[in-house]
Amino acid sequence: MDQTVLVTGGAGFIGSHTVLELLQAGFDVIVLDNFLNSDPSVLARIKRLAQEPLSLGLSFKHFEMDVRDEAGLIEVFKAHRIAGVIHFAGLKAVAESFEQPLAYWDTNVGGTMALARVMKRFDVNHLVFSSSALVYGLPKLIPIQENSELDAVNPYGRTKLICEKFLTDVCFADSRFNVALLRYFNPVGAHSSGLLGESPNGIPNNLMPLVCQVASGERAQLSIFGDDYDTADGTCIRDYIHVMDLAQGHVLTLKSMLGLLSLPALSRLSVLNFGTGQGVSVKELVDCFEAVNRVKVPHSIAPRRDGDVPILVANPNKAFESLGWKANRNLISMCQDAWRWQQQNGLHL
Ligand code: NAD
Ligand code: UFG
């Protein structure tokens, strides 16, 4: 294909699966990551899984770098002809964002601004941005459509919302600049090989890695944050999406932006939900995990977590209409793949 994609945060959970899919789709890939929340060994695993496309001469490079390091970015852009950028690098934990607003604004907003400045300087005009369902705040209607009101209720969500607004402004001001704002719901699961998965540094914040660690005995029990929400079983509802479905959605998005899909290309500024459209409560996820993997996940009810939204479920129709994308993997696969990853890798790589 002879097109190079720069992937910031490409060693992370969603990034690593997306990089593999990009290589398998025939793109050359450059990963830029400071390994704040990932391990460099992920890159060797991607190489192993992408042996076939790499043997055909595709290029796969990486730079250990902070996305806010503008001078470093300039060197990378100078040395490569980059067709498009997928920007994953960032901080993503709701609770932590209340404690560390400076770090969240600096990394998420500062990183996006540095990247956009350098992209414009080198006339690189296709950007896929990792946004979040949290930009919908407390949605009035479920499932949520892309044109719903926006109003994040925690610092992390606010950084994503302001990045969306910033990129929209850049797009309006420059008719060559194209942006896809992808609002992910809750990505979970792992590559079916068990070689790639979610491996946060330190104590995980997200539900699925915690469920896995409790099931394996690495943690004593799971705290379910609140069972007094206005939902059928009282626990929060999310739209869990398999990370491989999400990774494939990124490849389709980029292909569309580059005019490589048979469908009409995405508009210059597009906003897409990536979810399944199915709501699953915390208790339902734990029950499913226990049943399909035949393991116990000891749990107890704890107080609500600050900044949690009771229900987030996507209407994913727009992604289907514009990209032909829909989620193909169900909650059973998500639980099985996450558990295989946990069993093969334990706490850390
Ligand atoms: P992750 O933490 O696994 O991956 C992020 C990667 O970015 C890591 O490899 C980390 O080392 C790197 N990174 C962090 N700060 C950096 C910096 N300043 N410079 C360079 N690299 C840096 O997270 P993920 O789950 O893969 O999420 C990827 C993106 O998707 C994030 O922007 C996140 O906000 C967004 N998102 C994630 C979820 C989710 O539930 N996982 C949901 C919605 C949106
Ligand atoms: N939960 C628990 N116990 C835990 C951890 C989580 O009960 O130990 C619950 C939470 O209260 C929430 C649900 O599990 O109801 C999911 O929580 P996560 O922390 O896994 O995910 P969030 O929905 O809070 O946020 C995630 C990502 C964000 C992303 C968002 C989009 O962390 O980056 O999904 O919906 F923006």
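Every number in this text was worked out from the coordinates using simple rules, so none of it is lab data. Predicted, not measured: the structure shown is a model, and the values here were computed from it. Backbone-built Cβ (ideal geometry, glycine too); neighbour counts: all protein chains shown.
Here are the numbers for the structure shown:
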read-out	value
Spread of Cα-to-Cα distances over 5 Å intervals beginning at zero, given as percent, for the stretch 209-349	2, 9, 16, 17, 16, 15, 10, 8, 5, 2, 0
Å³ per residue enclosed by the Cα convex hull of the stretch 1-148	131
Percent of Cα pairs exceeding the 26 Å cut-off, where the set is the chain	46
³J(HN,Hα), Karplus 6.51/-1.76/1.60, whole Hz, each residue of the stretch 312-327, x for Gly, Pro	9, 9, 7, 9, x, 4, 5, 5, 5, 5, 8, 10, x, 8, 8, 6
Restraint check, K92/K255; K255/K283; K61/K283; K296/K318; K283/K326, Cα-Cα greater than 32 Å	K255/K283; K61/K283; K296/K318
Dmax and Rg, reported as Rg then Dmax, of the stretch 299-349 (C-alpha, Å)	16.5, 42
Alpha-carbon centroids, the stretch 1-32 and the stretch 225-284: separation in whole Å	19
Relative contact order (percent, whole number), the chain, Cα cutoff 8 Å, 6+ residue spacing	19
Vicinal HN-Hα couplings computed from phi for the stretch 62-77 (Karplus, 6.51 cos²θ - 1.76 cosθ + 1.60; Hz; Gly/Pro x)	9, 10, 7, 7, 7, 5, 7, 7, 5, 5, x, 4, 4, 4, 5, 5
Kirkwood estimate for the stretch 119-218, i.e. one over the average of 1/r between Cα atoms, Å	16.2
Gaussian network model of the chain, Cα within-10 Å springs - most flexible of A232, A116, A327	A232
Using distinct alpha-carbon pairs, which all enter the 1/r mean, Kirkwood radius of the stretch 135-187 in Å	12.2
Rg(Cα)/(2.2 N^0.38 Å) for the stretch 75-173, N = residue count	1.17
5 angstrom amide H check on H62, placed H, neighbours 5+ away	V31
Antiparallel %, DSSP beta bridges [both residues in the chain], to 5	5
For q = 0.13 Å⁻¹, Debye-computed log10 I/I(0) when each Cα of the stretch 151-264 counts as one equal scatterer	-0.78
Which of D308, D151 has the fewest Cβ neighbours within 10 Å, and the rest in rising order	D151, D308
Translational diffusion of the stretch 74-122, µm² s⁻¹ [Kirkwood Rh, Cα pairs; Stokes-Einstein; 20 °C; 1.002 mPa s]	176
Net charge of Cβ neighbours under 11 Å - reference G234; Lys, Arg +1; Asp, Glu -1	-2
